[in-house]
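Working notes for the structure below.
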Amino acid sequence: MFKYLKQLTSLVAMVAVLFTFTTESIAAKKSKTLKNTQKKGFVRCGVSQGLPGFSNADAAGNWTGVDVDVCRAVAAAVLGDANKVKFTPLSAKERFTALTSGEIDILSRNTTWTLSRDADIGLTFVGVNFYDGQGFMVRKSSGITSTGQFKDGISACTNIGTTTELNMRDFFNSKGIKYEPVAFEKADEVVAAYDAGRCDTYTTDKSGLAAQRTKMKNPDEHIVLPETISKEPLGPVVRQGDSVWEDIVRWSLNTMIEAEEYGITSANADMMKTSDNPAIKRLVGAEGELGAAFGLDNDWSLRIIKQVGNYGESYKRNIADTGILPDRGPNQLWTKGGILYVPPAR
Amino acid sequence: MNLKLKDIVPQLITVIAVVLIFGFFTYNAQINMENRGIDFGYGFLSQESSFDVQFSLIEYDGSHSYFRAYLVGLLNTILVSVIGIIIATILGVIVGVARLSPNYLINKFAAFYVEFFRNIPLLLQIFFWYFAALRALPLPQDAEAIFGVFFLTIKGLYVPAFIWQNFSIFFYSLVAAVIAIIVIRIHAKKVQENQGKQIPVFFISLGLIFILPLLSFLIGGVKLSFEVPVLKQLATTSFIYEGGVSLPPELIALTLSLSLYTATFIAECVRAGIQGVGKGQKEAAASIGLTPNQVLKLVIMPQALRIIIPPTTNQYLNLTKNSSLAAAIAYPDLVLVFAGTALMQTGKAIEIVSITMFTYLTLSISISILMNWYNKRIAIQEK
């Protein structure tokens, strides 16, 4: 009996090693963020301080919006429950520091993807959940209907710490117009100051203008000018250096868009398991082992679709039905004339 | 020997502990930044800033460097602090004296002012003055002219600009007047010490400071004209004033709230200082035949100042540091321009925050040194 003890111990040890490999995949081991998130039991998500349609809290403290839905999708995939998200409202100025310092794990806060942000300051953009562009809002009574009517001395209210400030300078410089920039730290103050008449125009991303317009004393008194002066692809951001977490966030977003493309909704997701289309079956976890690559089970994408819905549902619920931007414009699927196009989930 | 060791060891341990703690955090920060691919360095200061600032004392636009943007913010911080300190001091002295007034109404009004303004958080007051005043002020096209040349509107206070001819002559005449006053004061002191005669220095000084510059206008060829702001239409309902000088409402609201807030504390310092001078001093001074004015100027104030200056220094420091709340209402101070926009555009958080902290430290220490010097000057000279 004792003769075999040595062999027996090594066998037990080997089984034990194998067992740990099967319960905790290599991916989960590599991703500190994923491990920490599963340990904490909630996803730490940085959002705006209140932008209707994107990330906005109601009186009861429930967050809604398309940016919020990205975090909910990740929570559904990683933790199995879309409600297990801790939202941290951040100003434009605070957002990147909060992410790089590890206070949050996803920044989903209408943030423009630019080269310097992606390459320079320890961040990685994982995709685009809203294609936007900077525009101008003016009072209807001013009679201005185009940026061509702007004159020297115009004052423009905006936020600090955004690409808006830079685009604004490029725009006015190229037109040779002298302007007065009035830059606030918080969006609420920008709106209040513009609404009070401090500025002739309010400039930020057009989606932001449309959303903030609903907060004005009298929304009908203001119009958004037709010109778009910049490209603003907005999307979720993660810390550089955790490629597994980066992939999870990227593919949680992609799943929502892909699900819309294949017509999978929160209502019909379960039925789609018996679909004839292998692409659909993969998306609802009835075929393939897609989750394993991230260290997740195979139902991760099904949970996203069931609990959060596809991109179209999210857009309709948050942006179209609230009257902010009923027309999806470029944020329509590529198959329907928009530019939403994600790599295939396979 | 033993005693010495006992003294040194705890201090040595403290120093080592402090160094270790700092070393640990620095090392940690370095590792973290390396892991996340963040470079450390101050090279960005010479890069083009590419953002504009609303209000600047020096020439600046987005084609200048980040360092220039830093200077813009710093000067704006100094501007609002200096104006704030001057107004708060004047107001504080008036209210402090008023609180000691035997007049019931003045006394109670001053007390109410102090209690009201010092017990409301400053940030709220800043918001109040900015947004409440902003809503109450007229649009440029509806503004009534004050004295025909000033326009207080929602877009700011527009005042006429001075256009000088031969400004240098006017300036020299002012300098001459100041030198003359100093000479007369020294002479008057000598005359009083030697002969006991008093020369009315105040009225002579007043005369000099008016007459010499006036002469520069009459015979020196100095001419002053005003450029009055003129209304300009931008669009159907959108107007501004052109020409003259415009003070943005952000600057006005910030200066106003900082001064009103800090003045309450200075008023209390002043009251404490005056009450801290013994009653006997006043009676003794009166008994040797000094007039009430002389009693205040020669006996009470020199003693009261010794009590007033040190706590007032604290208030000056507070005001300077509180000016960083400017960011809330878009006044482009150091925090908004440098620790705000520049930080966001470069992502150099550690560098910019350290520079900003060092700058405030330098500002505060400068004020301290200045006030300590003044405090020493007025302190009792032991003979």
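Rule-based calculations on the coordinates, nothing more; no lab input. Everything numeric in this text was worked out from a predicted model, so none of it was measured. Quick reminder, even Gly has a Cβ in these numbers, built from the backbone with ideal geometry, and neighbours come from all protein chains shown.
Points to keep in mind about this one:
- Size descriptors for chain A: radius of gyration and Dmax over Cα atoms are 23.4, 98 Å.
- Straight-line reach from B:Lys376: taking Cα to Cα under 21 Å and skipping same-chain neighbours fewer than 8 places apart, the lysines in range are B:Lys297.
- Taking the inverse of the mean reciprocal distance over all distinct Cα pairs, the Kirkwood hydrodynamic radius of region B:154-303 comes to 20.8 Å.
- Which of A:Thr214, A:Thr88 has the fewest Cβ neighbours within 10 Å, and the rest in rising order: A:Thr214, A:Thr88
- Angle in degrees between helix A:187-196 and the longest Cα principal axis of chain A, rounded to the nearest 10: 20
- Calculated from backbone phi, Karplus (6.51, -1.76, 1.60) coupling profile of region A:68-73 in Hz, x at Gly/Pro: 4, 5, 4, 5, 5, 4
- Protection proxy ranking of A:73-84, A:314-325 - average other beta-carbon atoms within 10 Å, highest first: A:73-84, A:314-325
- Whole-angstrom gap from region A:285-346 to region A:128-206, using each part's C-alpha centre: 32
- Segments B:268-277, B:201-210 sorted - mean Cβ within 10 Å per residue, highest first: B:268-277, B:201-210
- Under-5 Å amide H pairs with A:His222, H placed in peptide plane, nonlocal only: A:Lys140
- Farthest positive-ward along the protein assembly as shown dipole, Cα basis, beta-carbon charges - from B:Tyr316, A:Gly285, A:Val238: B:Tyr316
- Per the Debye formula on identical point scatterers at the alpha carbon atoms of chain B, with no solvent, log10 I(q)/I(0) at q = 0.07, 0.10, 0.12 Å⁻¹ is -0.51, -0.99, -1.26.
- Loop GluC sites (Glu not before Pro), region B:1-93, which have at most 15 other Cβ atoms in a 10 Å radius of their Cβ (DSSP): B:Glu59
- Antiparallel DSSP beta bridges within the protein assembly as shown, percent to nearest 5: 70
- Relative contact order of chain B: 22 percent, from C-alpha pairs under 8 Å at least 6 residues apart in sequence.
- Each principal axis of the Cα cloud of the protein assembly as shown was evaluated for its coordinate range; sorted largest first, these ranges are 119, 87, 50 Å.
- Peptides A:43-52, A:138-147, B:76-85 ordered by average Cβ neighbours within 10 Å, highest first: A:43-52, B:76-85, A:138-147
- Tensor-based shape of region A:272-316 (alpha-carbon gyration tensor, a/c under 1.5 rounded, otherwise prolate or oblate): oblate
- For the protein assembly as shown, the list of Cys residues with no other Cys C-beta under 4.7 Å reads B:Cys269.
- Counted as membrane-span-like here are DSSP H helices of chain B whose alpha-carbon atoms extend 20 Å or more along the helix's own axis and whose Kyte-Doolittle mean is -0.5 or above; these are B:2-35, B:66-98, B:104-118, B:167-195, B:201-218, B:249-275, B:301-322, B:349-378.
- Over the residues of chain A, the helix contribution to mean residue ellipticity at 222 nm works out to -11000 deg cm²/dmol, using -39500 (n - 2.57) for each DSSP H run of at least 4.
- When the P(r) of region A:134-230 is calculated, the portion above 20 Å amounts to 25% of the C-alpha pairs.
- Taking every alpha-carbon pair in region B:168-218 and binning the separations at 10 Å intervals from zero gives 28, 42, 22, 8 percent.
- Among the chymotrypsin sites (Phe, Trp or Tyr not before Pro) in region B:258-319, none is located in a DSSP loop while being surrounded by at most 10 other Cβ atoms within 10 Å of its own Cβ.
- Reported to the nearest whole Å, the Cα centre-to-centre distance from region B:113-133 to region B:168-199 is 44.
- Here the protein assembly as shown is treated with +1 on each Lys and Arg Cβ and -1 on each Asp and Glu Cβ, and its dipole about the Cα centre works out to around 2520 debye.
- Relative compactness, region B:235-383, computed as alpha-carbon Rg over 2.2 N^0.38 Å: 1.51
- Listed by Cβ neighbour count within 10 Å, with the fewest neighbours leading, B:Met301, B:Met344 appear as B:Met301, B:Met344.
- Given in Å, the Rg to one decimal and the Dmax to the nearest whole number for the Cα atoms of region A:218-333 are 17.2, 54.
- For chain B, built as a Gaussian network whose Cα springs stay under 10 Å, the top-fluctuating residue of B:Phe25, B:Phe170, B:Phe67: B:Phe25
- In this structure, the amide hydrogen of A:Glu232, modeled 1.01 Å from its nitrogen in the peptide plane, lies closer than 5 angstrom to those of A:Asp132, A:Gly133, A:Gln134, counting only residues at least 5 positions away or on a different chain.
- For region A:222-229, 3J(HN,Hα) computed residue by residue from phi via the Karplus equation (6.51, -1.76, 1.60; θ = phi - 60°) reads 10, 10, 9, 5, x, 5, 10, 9 Hz, glycine and proline entered as x.
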